[in-house]
Amino acid sequence: MKSRKKWNAPSPTCRAALSRSMGSCEFSSSLLGLDYMARAGFDPRESIQLWKNMERAGGGGTPEFLSTHPSEATRIQQIEGWLPEALTYYRPAR
């Protein structure tokens with residue numbers, strides 16, 4: 001019988017490096033989503049409530065430094081920083 005090689009989870013160092021690079025992709029996606037939302041006539045301020053709802057529904061989850069995604073609180077903070085620019089593109093849908 002052949003022995004099967006066990007898959008090992010990435011080391012904490014590797015995971016931290018992946019987390020940082022994946023996190024930046026997530027921020028880029030959030031920024032694009034906010035931009036598209038505003039240009040499509042949806043109020044980008046509503047995205048903050050969405051992430052507050054996600055935070056409440058998530059129940060804590062994985063610590064951010066172990067995750068490939070930013071925490072909801074971090075996303076909200078980033079979105080608040082991007083809102084002034086996004087609002088320049090916002091025209092309510094008719």
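List pairs: first in the stretch 60-75 and under 18 Å from Ser29 (Cβ atoms), second in a loop (DSSP other than H, G, I, E, B), Cβ under 7 Å, 6+ apart or cross-chain?
Glu64/Pro70; Glu64/Ser71
Which condition breaks for Phe42 when tested against (1) assigned to a helix (DSSP H, G or I); (2) closer than 22 Å to Arg94 by Cα?
(1)
Just for the stretch 62-75: of the residues that are touching a Ser or Thr at 6+ places or on another chain (Cβ under 9 Å), surrounded by 13 or more Cβ atoms within 10 Å (Cβ to Cβ) and of a type outside the set (Ser, Thr, Tyr), which one is modelled with the highest pLDDT?
If we take residues in the stretch 62-75 being touching a Ser or Thr at 6+ places or on another chain (Cβ under 9 Å), surrounded by 13 or more Cβ atoms within 10 Å (Cβ to Cβ) and of a type outside the set (Ser, Thr, Tyr), then Arg75 is modelled with the highest pLDDT.
What are the pairs with Cβ atoms under 9 angstrom where one residue, in the stretch 76-92, is buried (at least 17 other Cβ atoms within 10 Å of the Cβ) and the other, located anywhere, is of a type in the set (Asp, Glu)? Sequence gap at least six, or different chains.
Every condition considered, the pairs that remain are Ile76/Glu55; Trp82/Asp35; Ala86/Asp35; Tyr90/Asp43.
Among the numbered criteria (1) loosely packed, with under 15 Cβ neighbours inside 10 Å; (2) modelled with pLDDT of 80 or more, which one does Met37 miss?
Status for Met37: all satisfied but (1).
The values are calculated or read from the model by the stated rules, or taken from the named source; none is laboratory data. This one's a predicted model, so the numbers in the text were calculated from it and none came from an experiment. Positions of Cβ are generated from backbone atoms using ideal geometry, with glycine treated the same way; all protein chains shown enter the neighbour counts.
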